[in-house]
Structures are given as structure tokens and as C-alpha cells.
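Following: one structure in C-alpha cells, then a few remarks.
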Amino acid sequence: MPPEKKDRSPVALEQRDISADQRMFSPSVARNSAPIVAVLKRVLPTRGAVLEIGCGTGEHAVCFAGAMPNLTWQPSDPDVDARTSTSSWIKFAGLKNVLAPRDIDVCSGQWGVEQTGHFDAIVSINMIHIAPWAASLGLFAGAGRLLHTGGLLLLYGPFMRDGAHNAPSNAAFDAALKERNPSWGVRDIADLEQVGETA
């Protein structure tokens, strides 16, 4: 029996506009960038290297790198269109502290950035609920390999706590995700903490 092919089709749960230079525009990024930046400024070191998993359009990468110029930001995404958009955003923003986006599949044992050394933080925004559970396991395993001692794995998205949603809208969103793909869904913080303890 041939090995199962991995589904690496792009996932976007929103309509995205695209410019002539291939920059994609995400409505959710416009809404969540400012509060995420506020938290990142509080918890990230003033200098160092950050790996972003699932950078999507690249808007977060240039926003965060622009707000924290002493950090080197390494975006990544398995989708070629996302990487094209991210490259265009980097060029448009003219930032020197954002590296070219990498093709990283978190489910693989090697991410292709191991040779660059360790990272001070790994950031993943709105990724684990639109990916199979294996992606969460791979993300934590990669963080265990690639983070400096004391480094941070920072996740943003909808979560459950002890099997309960924090709002009816999150429960409805979870049901819609599972209807679209049974392997997707809002993850429970308790499950993630358990994985993190062994990573």
C-alpha cells in the first residue's frame, strides 16, 4: 500500500483580497494585530530570534517585526501562496529584520531551520484549530528541539478549558470546523499543556 499523501492544501477561513504585487490582506489580521503586539512586547525578549509557524499572509510578520526591530523574525508557511504574499509584504515594508519565509511542515521531524540555531520564541497564530491534532504534536515537538532553554512557545486562537468552550460562539465555531474537516477543531488547553510537559 502506498504511503498516505499529506494534505498540504492552503487553509483560509476568510475571504482575502490580493494586491497587484501578490500581497494578501486578511481581515482577521487587521482586527487582532494590535492586541497580539501588546502581549508580544510584554513577553518576548528585546533581542533575539523568533520563528513564526503558519505565517499566512505575512501581515503579522511585518507588523511584529516593525514593532520590535531588535528581534529577527523568521516566518514560515507550508503554502506557496502564503510565502509569496509574505515575501511581497517584506519587500513592501522594507524591513531588514524579517527573513525570507520558509516552507515548514510541523508534522515532519526536521523543519529545515535546525542549522540556523535555536530560537528565543516560536509563535503560531490561528493554526492549530485548522490542522489535525498531529500538527499540534509536531509543533510542540519542534519547539522542544528548537527553543533555547527558557524559550517561549506562544499560541493564539480559540481554545477550550477542561472540555468547556468559553463562549457559545466558540462552540459553534468548533462544530463548523469539525463539519468541514473532522480532524480540525478548537483544542483544549489541558491537552496542550499535557503535550507541552513531554516536549
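Just to verify a number: FRET efficiency for Ala34 and Phe92, C-beta to C-beta distance, R0 = 25 Å, to 0.05? Mind showing how you got there, number by number?
On the way: r = 19 Å, r/R0 = 0.78.
Computed FRET efficiency for Ala34 and Phe92: 0.80.
Rounded to the nearest 0.05, what FRET efficiency do Arg180 and Lys41 have when you use their Cβ-Cβ distance and R0 = 30 Å? Mind showing how you got there, number by number?
Working: r = 34 Å, r/R0 = 1.14.
Calculated transfer efficiency: 0.30.
Evaluate the distance, in nm, between pseudo-label points positioned 7 Å from the Cα of Asp162 and of Ala20 along their respective Cα→Cβ axes.
Here the modelled spin labels are 5.7 nm apart.
Please work out the Kirkwood hydrodynamic radius for the range 25-118, using every pair of different C-alpha atoms, and report it in angstroms with one decimal place.
Working: mean 1/r = 0.0741 Å⁻¹.
Answer for the range 25-118: a Kirkwood hydrodynamic radius of 13.5 Å.
Where the eigenvalues come from the Cα gyration tensor of the range 23-198, what are the semi-axes √(5λ) of the equivalent ellipsoid, largest first, in whole Å? Provide the component values of the computation, followed by the final result.
Working: eigenvalues 125, 72, 51 Å².
Largest first, the range 23-198 gives 25, 19, 16 Å.
Give the Debye-formula value of log10 I(q)/I(0) at each listed q (0.15, 0.20, 0.28 Å⁻¹), with one equal scatterer per alpha carbon of the range 88-161, two decimals each.
Results for the range 88-161 at q = 0.15, 0.20, 0.28 Å⁻¹ read -0.60, -1.00, -1.35.
Neighbouring Cβ atoms within 10 Å as the yardstick, rank Leu71, Leu139 fewest first. Walk me through the intermediate numbers first.
Values: Leu71 21, Leu139 26.
In order of increasing Cβ crowding within 10 Å: Leu71, Leu139.
For each of Arg102, Arg42, count neighbouring Cβ atoms within 10 Å of the residue's Cβ, then give the residues from fewest to most.
Working: Arg102 20, Arg42 7.
So the ranking, lowest neighbour count to highest, is Arg42, Arg102.
Would you please give the FRET efficiency between His148 and Gln110, computed as 1/(1 + (r/R0)^6) with r the Cβ-Cβ distance and R0 = 25 Å, to the nearest 0.05?
E between His148 and Gln110, to the nearest 0.05, is 0.85.
Where does each of Cys55, Cys107 land when they are ranked from fewest to most other beta-carbon atoms within 10 angstrom?
On the way: Cys55 30, Cys107 18.
Going from sparsest to densest Cβ surroundings: Cys107, Cys55.
Using only DSSP helix segments of four residues or longer, with each worth -39500 (n - 2.57), what per-residue ellipticity at 222 nm results for the chain after dividing by its residue count and rounding to 500?
On the way: 6 runs with 77 residues, N = 199.
That calculation yields -12000 deg cm²/dmol at 222 nm.
Coordinate-derived values only; no laboratory data. Given the structure is predicted, the values throughout are model-derived calculations rather than measurements. Virtual Cβ from ideal backbone geometry, glycine too; neighbours counted across all protein chains shown.
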